[in-house]
Amino acid sequence: MWQDFLRQQAKNHSLSPEEIDTLLKRFPEKERYIKPEAEFTDILNEGISDAKHKIGVDTVTKRMQEIYKKFQGDCPKLQQSSRGKLGILRGWLIEQFITIDSPKTLTRCILGLKGNYQKAQEKLTEITQTLQNLLKDKTLSITKVEEGSIILIVESAQTGYDQLKTLIGQEIAGFPVEYAIDEWQDICRRMVIDRKHLTSNTVIGRVSGNRNLIDEDLFVDLALVKPKRSEQPKYPQDIDAEKGSEFFTWQEVEKRFDSRKFLEEVIKTRKNIAIIGEPGAGKTTLLQKLAFWLLQETDDLVVWVSLAELGSQPLEEYLDQKWLKKVLRHSREEIKADWEQKIQGGAVWLLLDGLDEMSQTDLQALKFWDWVMNVPIIVTCRLNLWQADPSKLQGFQTYLTQPFQDEQMQEFIRRWFPGLVGATEADLLAESLWSQLQAAGKERIKDLCRNPLRLTLLCASWKGRGGKLPDTTAKLYEKFVNYIYKWKKKEFPVSSEERKQLNAALGELAKTSLDGNKSQFCLSHRLVCKYLGEPDEESLLDKALKLGWLNNLERDADEPEEPVYVFYHTTFQEYFAALAVKEKDWDYFLPKDHVNRPVAEKRYRIFAPQWKQVILLWLGREYIGHEEKEAKEEKEAFIRALVEFKDGCGEWNFETVDRGFYEYRAY
């Protein structure tokens, strides 16, 4: 052990081969060393018969002087004293050996550097040595370098989080230090990373690589809003179709924020916050950005909960029995006791994603109000749920995601194509797409694509579109689905008949799940197998997973041996559900035989918030040939039924109210 320790010290201090031999023989054992120069010289010359190859006392003295110089950076006493250096060096070596040999808890922290990941890998030794020298800690090591920004996993028996924080703003081997986080914060960071597949667009990733431009500092803006209370509210008929995105601004705006100001506001106020917006507006992506931002800019912990997985389980029980158990399963024993202390200190943020993805039953049972007084909460929710009942988010500051402005759209498009094609072609594709969106008569599709997800779909499929734009959301999704099947044809060949079967099965699965009493978006293995078959290479389930329409989320809490699935984005779940409703079957949304009272054993899905987007997608579907006329007539009949809907609730004689409650909602 002692000799191995000396060899490591010799390596750390860049000793030459002759100097290494001198060090090892001068200190053969921890308890024994050779003091007299003459005696030590004789030991070095043992076995050398030729006198001209023997070394003298002067040579030994010079070697020792060089060794002292190389160690004096870590042992300052060698520099201060002119006598007794051999004893000083021996004492320092024994002290270091005892420190390292003694069992000591390693501290694990994360250091975030700015720069190129590949270059950091190449300079890893230099980075490690620079950190060791700056912190005067030879026990420090870098166990892993993660891609993205440069994330160093640092372990040390001496250096802790507080010392690493002092490096922020300095350069390490040419790489600026952006942030430092402790081990518990790193656990939270990894839990958030585990959820990133929810916004990584796995289907798009297979076409265009992992391209989430929202991660590259291009964010949606937000507005602090409250429900509009006006005697003459702005109804849909007052909005131009070309500016349909204004549909999502029927509320009083108190203050607008760009993304950076919003992040700063969150930390400054520490209030409970709700982020609301239409489907695909970037709510979950923004919540993830907030999580990483809080971990980097504060010493707080971040707890991420996908509410679709919560079910009817109380939130506090879920955190104790599931979240914490999962977190601590892969953590070191030494830090497990820290959890209670962290929570009691109050430096925790609770991030709840997808209030709208809970079933109505579970939503009514959700009780997070007990947490409001203890920790700040940030929750995401679709706009229509908040509009229907703002009281569900009582006590929260509500921020509405804003549609992309022209300059944001153009910047997004400009960034999309580089790296997928050559520089010249990338410029041409970006220019042609933006030019088409600017053309006269394309105002509606341009407005439609102010939504980040829809703009992503358009960019991802633009190269194969031949310069043609769709004019409805349903057509955009249809073109993208067709593009995925065509692009993946060689890797995952799917016949025309299999494709029809898969789309139909996904549609039926989507319809059933949206009607479910439990989670509408987390799909049990049993339910998925009912429509797509058991998971083997010939099943529709296997094809859905390979194409990316479904993702394997994690294990079912009730059935641990079974996986849970999700559609890669909830809007595609709604699109496939819309495909499964035939053009003559609008009775599925609103009973055709309704007069002025509920029809027995019929469902009125027009009043269920999870069906709103499905209905809009169904209305926007495209038909060809003789089907087009029939489909148009059926759609008109459905719209007419909505407009003329009667709820049988009696006459309304108020001056400003001329419709019953359900009549108004249907209209």
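The values are calculated or read from the model by the stated rules, or taken from the named source; none is laboratory data. Small disclaimer: the values here were computed from a predicted structure and weren't measured. Because the Cβ atoms are built from the backbone with ideal geometry, glycine has one as well, and the counts that use them run over all protein chains shown. Protein only, heavy atoms only, side chains kept; ligands, DNA and RNA dropped before computing areas. Shrake-Rupley method; radii C 1.70, N 1.55, O 1.52, S 1.80 Å.
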Residues of region 572-587 classified as surrounded by 20 or more Cβ atoms within 10 Å (Cβ to Cβ) and either modelled with pLDDT under 85 or of a type in the set (Ser, Thr, Tyr) (or both), total: 2
Matching residues in region 135-152 - criterion: being open to solvent by less than 80 Å² (accessible area, probe 1.4 Å) and either charged (D, E, K, R) or farther than 20 Å from Asp186 by Cα (or both): Leu135, Asp137, Lys138, Thr139, Glu146
Residues being under 25 Å from Tyr477 (Cα atoms) and modelled with pLDDT under 75 - total across region 519-571: 6
Elements of type helices (runs of 4 or more DSSP H) contained in region 305-381, each with 1 or more residues being in contact with a Phe, Trp or Tyr (Cβ under 6 Å, 6 or more places away or on another chain), over 24 Å from Asp182 (Cβ atoms) and at pLDDT 70 or above: 307-310, 315-318
Residue among Thr424, Thr512, Thr472 that is among the β-branched types (Val, Ile, Thr), open to solvent by 10 Å² or more (accessible area, probe 1.4 Å) and within 24 Å of Gly282 (Cα to Cα): Thr472
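Let's see how each residue does on (1) assigned to a helix (DSSP H, G or I); (2) in contact (Cβ under 8 Å) with a residue 24 or more places away in the chain; (3) of a type outside the set (Lys, Arg); (4) open to solvent by 60 Å² or more (accessible area, probe 1.4 Å):
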position	(1), (2), (3), (4)
Leu6	yes, yes, yes, no
Lys25	yes, no, no, yes
Phe40	yes, no, yes, no
Ile48	no, no, yes, no
Lys62	yes, no, no, yes
Lys70	yes, yes, no, yes
Asp74	no, yes, yes, no
Leu78	yes, no, yes, no
Leu86	yes, yes, yes, no
Scope region 375-410; condition over 30 Å from Lys612 (Cβ atoms) and either in contact with an Asp or Glu (Cβ under 7 Å, 6 or more places away or on another chain) or open to solvent by less than 50 Å² (accessible area, probe 1.4 Å) (or both); matching residues: Val375, Pro376
Ile55 touching a Ser or Thr at 6+ places or on another chain (Cβ under 9 Å) and either open to solvent by 40 Å² or more (accessible area, probe 1.4 Å) or not in a helix (DSSP H, G or I) (or both): yes
Residue match in region 174-182 (condition: without any contact (Cβ under 8 Å) to a residue 60 or more places away in the chain and either of a type in the set (A, V, I, L, M, F, W, C) or surrounded by fewer than 17 Cβ atoms within 10 Å (Cβ to Cβ) (or both)): yes
